[in-house]
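Colleague: Supplied in structure tokens, the structure appears directly below.
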Amino acid sequence: MKEVLKPVKIHVPTQLPVGTVNVYLLKGDENVLVDTGPHHEESRLWLEKGLGKEGLQVKDIDFILVTHGHVDHYGQAGDLSADSGAEVWVPELEKDTIANFSNAYEERKEFYSEQFLRTGIPEETLRLVAEFFDYVKGLATESPVHRTFRGGDRLALAGWDLRVIHTPGHSPGSSCFRDGDTLFAGDTVLSHITPNAAFGGADGKSVGMADYLRSLEELEKVDVTIIYPGHGPPMEGLAPFIENYRALYRTRRAALNELLKAKSYNAFDLVVHLLGSLPIQEVFLGITEVLGHLEILQHEGIVTAEEKDGVAFYSLAGE
Ligand SMILES: [Zn+2]
């Protein structure tokens with residue numbers, strides 16, 4: 001029987017509301033990191049401490065595998081690669097985000113502002129959200145990309161035989177890595193929080209909730225029992241997580257339907273009704289959550305949108 005390999009988990013602070021991110025060290029003939037944590041002094045220190053416990057230093061890293069192109073997951077890949085010569089392998093659809101970070105980030109920010117203006121967000125709130133985005137930008141640098149991978153690819157490193165499963169939704173290229181019973185899940189499956197479809201559709205434009213639901217269907221077919229998520233403790237099996245997510249999805253979908261029965265709303269007012277008043281760091285997540293539902297409801301012909309003075313108003317179809 002094949003020996004069950006275990007990664008070493010290193011908690012790295014993110015400087016973001018999510019708390020710490022899990023960096024997984026795969027030790028073997030090569031030393032591999034799955035994700036890195038953000039570009040920040042403190043992240044670097046905690047990573048060095050974690051490596052030190054294993055008798056390793058940054059210069060000993062040979063490969064960096066990135067689950068997806070969000071700053072808390074790959075932000076210090078550029079620094080680490082510069083100091084160790086490590087190769088950075090990323091999902092094909094995240095290559096531009098990572099290799100061309102500064103421009104790609106600004107383009108993304110611009111795209112979000114345009115989308116957000118259509119939600120009826122108050123100008124002051126949008127300004128604060130944009131400021132938060134500028135802060136987040138400081139948590140990553142450009143990183144060289146030595147190889148890209150896509151769903152179905154096989155990555156044999158440090159004694160592991162990792163198969164890539166493309167799971168768009170949280171980000172266009174979000175990827176899970178599977179070896180036997182073990183799954184590295186990035187932010188596609190999380191133990192204590194609900195992953196957000198935040199313009200993570202594989203087409204790079206749609207909010208991604210529909211893709212995310214499809215990704216869960218794909219993962220459901222995979223028989224894994226040890227899940228290593230991007231944040232929080234490991235999990236045993238995917239079923240409870242998938243059930244919870246779908247239950248929450250149905251609850252929110254029903255609540256939106258109920259609200260729209262009474263009158264038409266813009267997306268920002270739906271956020272306030274559905275999720276209450278959110279702290280500024282969570283406004284982006286709240287809006288994308290509601291936009292994700294609306295995108296699906298519109299696609300199904302249940303909801304229609306009408307634009308008034310640059311703001312989209314949603315109503316139930318046929319009412
Ligand atoms: Zn994350």
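Colleague: Does the range 274-283 include one or more residues that are touching a Gly at 6+ places or on another chain (Cβ under 7 Å), farther than 20 Å from Met209 by Cα and modelled with pLDDT of 95 or more?
Modeller: The answer is no, given that none of the residues of the range 274-283 is touching a Gly at 6+ places or on another chain (Cβ under 7 Å), farther than 20 Å from Met209 by Cα and modelled with pLDDT of 95 or more.
Colleague: Taking the range 96-105 as the region of interest, how many residues are touching a residue at least 12 places away in the same chain (Cβ under 8 Å) and surrounded by fewer than 17 Cβ atoms within 10 Å (Cβ to Cβ)?
Modeller: The total comes to 2.
Colleague: Next up: Looking at this structure, is Gly138 out of contact with any strand residue (DSSP E or B) (no Cβ under 7 Å at 6 or more places or on another chain) and either surrounded by fewer than 16 Cβ atoms within 10 Å (Cβ to Cβ) or within 30 Å of Asp29 (Cα to Cα) (or both)?
Modeller: yes
Colleague: Can you give me the number of residues within the range 141-179 that are among the small types (Gly, Ala, Ser) and more than 15 Å from the chain's Cα centre (by Cα)? Spell out the reasoning first.
Modeller: The initial filter retains those residues of the range 141-179 that are among the small types (Gly, Ala, Ser), namely 143, 151-152, 156, 158-159, 169, 171, 173-175.
Still in the list and also more than 15 Å from the chain's Cα centre (by Cα): 143, 151-152, 156, 158-159.
The number of residues fulfilling the criteria is 6.
Quick grid of which residues meet (1) away from the ligand (no atom under 14 Å from the Cβ); (2) touching a residue at least 60 places away in the same chain (Cβ under 8 Å); (3) crowded, with 17+ Cβ neighbours inside 10 Å:
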residue	(1), (2), (3)
His68	no, yes, yes
Val71	no, yes, yes
Ala82	yes, no, no
Trp89	yes, yes, yes
Glu92	yes, yes, yes
Tyr112	yes, yes, yes
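Colleague: Out of (1) touching a Phe, Trp or Tyr at 6+ places or on another chain (Cβ under 8 Å); (2) within 18 Å of Thr167 (Cβ to Cβ), the odd one out for Glu87 is which?
Modeller: (2)
Colleague: Only residues that are within 14 Å of the ligand (Cβ to nearest atom) and more than 16 Å from Ile242 (Cα to Cα): list them for the range 185-204, please.
Modeller: Ala198, Gly200, listed by residue number.
Colleague: Filter the range 18-34 for residues that are within 16 Å of the chain's Cα centre (by Cα) and more than 11 Å from the ligand (Cβ to nearest atom) and give the result.
Modeller: Scanning the range 18-34 gives Val23, Val34.
Colleague: Oh, and also: Failed condition for Ser143, given (1) within 15 Å of the ligand (Cβ to nearest atom); (2) touching a Gly at 6+ places or on another chain (Cβ under 6 Å); (3) of a type outside the set (Lys, Arg); (4) modelled with pLDDT of 95 or more, with all others met?
Modeller: (1)
Colleague: Further question on the same structure: State yes or no: is Gly37 assigned to a loop (DSSP other than H, G, I, E, B) and either more than 12 Å from the ligand (Cβ to nearest atom) or crowded, with 16+ Cβ neighbours inside 10 Å (or both)?
Modeller: When the stated conditions are applied, Gly37 passes them.
The values are calculated or read from the model by the stated rules, or taken from the named source; none is laboratory data. Just so it is clear, the model here is predicted, and its values are computed rather than measured. Note that we place each Cβ from the backbone using ideal geometry, even for glycine, and neighbour counts take in every protein chain shown.
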